[in-house]
Ligand SMILES: Cc1ncc(COP(=O)(O)O)c(C=O)c1O
């Protein structure tokens, strides 16, 4: 009997956490209306999602998804390349190109597949991918799949990035700087203007994974590029529909010929079934909603973010200076972060701990995130529960390294 899996470090740790009732992962949600969820029969305020705009339960979005099922059925049963290409896939690509300000967009069935496929296509054998050290796992996996080389630079550090560019200029056919527009755990916005300047100085391309910026930053949620007004100086923009756009799927936008090249070479695009109709219609409706002139989606979102930032500052948490709807609460010790998360669950708050290896050792945090649709009563209850947790677990007010 094979027991090396059972005895593995990771499963042994999961068992220990389960035995102590502090295993905070894979909690099964029985019911949800967006801002609240029911887990094990208990209703909780959801501050652990990526549903920044709260659109998963918008009546018009749900209606659009239902209509798409009525018209096209529940799935496409094949790749876009062969039998799974619907007219609504192409319409959504045109809408995304306009929305991002890029020439062309290509949709994939998930954001992970978008990164795997697009970076595989862009970074061939004589290319260099220059990656931020804290990039998302899907980019790390893309570097393993792509045939080119990879070098990492220090997180959001322009000096470190320039060093890599300087040493490697003229050695490769193509250099591509790849980074998250907004880092998913800390909510930090990447220094895109700095990277664009360096890319232009050294002849490199820019690829932004804007999973957490899309829908959130910029005038109508067009993302990090729009936030800095730099869409025309960014070569590739990747986004996912599994967060603000309330569904599943992803896309890459950029210059027409490059996107056509990806369309004909990205294996995760060509050899995987296409986004289901309901998902396509959902995303399309979400874009329509954020583009409406009378939309209050972003006004409400930023009001809520401001309310929580002020509230956490008053209680005295260290929140990494986040300027997005992701507000991380620094805890330090990983067991403490898990215990505090489970205490918060008892208080009716659903949030998630982020522990090593997702953070450096001693840098565990509780990731919280806010939605346009949270109301002030919910947010006040969250603050009350966190104030109690701070006292009970002696959560530090300052980062202990600072
Ligand atoms: C930064 C980033 N990139 C890519 C992805 C992958 O997106 P998807 O969930 O659509 O596969 C995620 C999702 O967790 C992400 O946070």
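Side notes on the structure shown:
Results for (1) over 13 Å from the mean Cα position of the chain (by Cα); (2) in contact (Cβ under 8 Å) with a residue 40 or more places away in the chain; (3) within 11 Å of the ligand (Cβ to nearest atom), shown as yes or no for each residue.
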residue: 231; (1), (2), (3): yes, yes, no
residue: 240; (1), (2), (3): no, yes, yes
residue: 244; (1), (2), (3): no, yes, no
residue: 250; (1), (2), (3): no, yes, yes
residue: 255; (1), (2), (3): yes, yes, no
residue: 258; (1), (2), (3): yes, yes, no
residue: 262; (1), (2), (3): yes, yes, no
residue: 268; (1), (2), (3): yes, yes, yes
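Here's the yes/no breakdown for (1) more than 22 Å from residue 25 (Cβ to Cβ); (2) within 23 Å of the chain's Cα centre (by Cα); (3) in a loop (DSSP other than H, G, I, E, B):
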residue: 335; (1), (2), (3): no, no, no
residue: 339; (1), (2), (3): no, no, no
residue: 342; (1), (2), (3): no, no, no
residue: 377; (1), (2), (3): yes, no, no
residue: 381; (1), (2), (3): yes, no, no
residue: 387; (1), (2), (3): yes, no, no
residue: 392; (1), (2), (3): no, no, no
residue: 400; (1), (2), (3): yes, no, yes
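- The residues listed here are 221, 203; of these, the one that is away from the ligand (no atom under 13 Å from the Cβ) and surrounded by fewer than 17 Cβ atoms within 10 Å (Cβ to Cβ) is 203.
- Qualifying position, being within 16 Å of the ligand (Cβ to nearest atom) and under 30 Å from residue 255 (Cβ atoms), among 53, 86: 53
- Which numbered condition residue 61 misses (of (1) in a helix (DSSP H, G or I); (2) within 16 Å of the ligand (Cβ to nearest atom)): (2)
- Any hit, segment 305-319, residues being in the same structural domain as residue 31 (by TED's automatic domain parsing), assigned to a loop (DSSP other than H, G, I, E, B), surrounded by fewer than 19 Cβ atoms within 10 Å (Cβ to Cβ) and over 22 Å from the mean Cα position of the chain (by Cα): yes
- Matching option when the condition is within 24 Å of residue 350 (Cα to Cα) and away from the ligand (no atom under 16 Å from the Cβ), among 77, 38: 38
- Among the residues of segment 139-175, those identified as under 15 Å from residue 122 (Cα atoms) and touching a residue at least 40 places away in the same chain (Cβ under 8 Å) are 139, 172, 173, 174, 175.
- Residue in segment 36-51 that is modelled with pLDDT under 95, surrounded by 14 or more Cβ atoms within 10 Å (Cβ to Cβ) and touching a strand residue (DSSP E or B) at 6+ places or on another chain (Cβ under 9 Å) present: no
- The listed residue being out of contact with any strand residue (DSSP E or B) (no Cβ under 9 Å at 6 or more places or on another chain) and over 23 Å from residue 283 (Cβ atoms), out of 81, 26: 26
- Lone qualifier among 114, 137 - being buried (at least 24 other Cβ atoms within 10 Å of the Cβ), in the same structural domain as residue 227 (by TED's automatic domain parsing) and within 12 Å of the ligand (Cβ to nearest atom): 114
The values are calculated or read from the model by the stated rules, or taken from the named source; none is laboratory data. Note that the structure is predicted; figures quoted are calculated from it, not measured. Counting neighbours? That spans all protein chains shown, and the Cβs are built from the backbone with ideal geometry, glycine included.
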